[in-house]
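First up is the structure itself, then whatever we jot down about it.
What follows draws every value from the coordinates through simple rules; no lab data is involved. Please read all numbers here as calculations on a predicted model, not as lab measurements. Cβ atoms come from the backbone with ideal geometry, glycine included; neighbour counts cover every protein chain shown.
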Amino acid sequence: MKKFFTLKNKRRLPKPLAWLLAGVLRLYAWTFRVRIEDPHGVLPQFGKRAFAIALWHNRVLFAAPALPRRYRKWLAVLISASRDGEYIATLVKCFGINSVRGSSSRRGAQAMIELRHAMDEGFCPLLTVDGPRGPRYTVHPGAVALARDGHTPLVPVLFNARHYWQLKSWDRMQIPWPFTRMTMTMGKPLELPPGLPIDEGCEQLRRALMEITFDYK
């Protein structure tokens, strides 16, 4: 039993443990009072066309269990190629979400190619645009380049919890309180024309995300 729970030397998260953790997250997220705001009609188009989806790193923890199941299967999440990323990839698979492995420092170019292929098949890439190291609320160029070069709308998404604990990590990760109110907001899709400078696209996305970002602490 002791060996089963010792993860230090394990490359992969044991599947039984992954399903247990996923079950705990589901039960915890079940207590949230979630309201979906989608004024631009993005969600009904899932499965009909591809979008690139951008969100902040500190809101990603409960994105999977809070998002309705019928939309999860159309997501392809970019996850770090590290060992910690391997654990997360195993966990998100329990929610029926596809993953692509890579980051700016490791396997980044190949990950972008795989995400473009996923978009061609109708999946919506989901990227935490200030991860994996920050700074917080700063947009890195990956999502902008992916959307611009793939001629795909870029959709800012935010999960705002009214009450939460805040960790002392670089991103100030937020863990919603049980039974708190949570709003999932789908922002206005950004159409990035070919040739748009990456830094201009990053600033457009940063402003769009900040417009729907609410920090209550």
What is the spin-label model distance, in nm, from Arg136 to Arg35 if the labels are put 7 Å beyond Cα along the C-beta direction? 2.5 nm
To make sure I understand, if each residue's beta carbon is the centre and we count other beta carbons within 10 Å, what order do Trp165, Trp56 fall in, fewest to most? Trp165, Trp56
Region 98-217: C-alpha pair distances exceeding 23 Å, %: 35 percent
Spin-label proximity, Trp165 to region 22-49 - amide N less than 15 Å from point 7 Å beyond Cα toward beta carbon: 25, 28-29
Checked region 154-217 against the a/c 1.5 cut and the a/b vs b/c comparison, axes a ≥ b ≥ c from its Cα gyration tensor; verdict prolate
Solvent-free Debye scattering, log10 I(q)/I(0), computed from the Cα coordinates of the chain at q = 0.07, 0.10, 0.11, 0.14 Å⁻¹: -0.20, -0.42, -0.52, -0.86
If a/c stays under 1.5 just call it rounded; otherwise compare a/b with b/c (prolate if a/b is bigger, oblate if not). Do that for region 38-162, with a ≥ b ≥ c from the square roots of the Cα gyration tensor eigenvalues. rounded
The answer for the net charge of residues other than Pro135 whose Cβ lies under 12 angstrom from its Cβ, with Lys and Arg +1 and Asp and Glu -1, is +2
Packing-based ranking, highest mean first, of 21-32, 68-79 given that Cβ atoms within 10 Å are counted: 68-79, 21-32
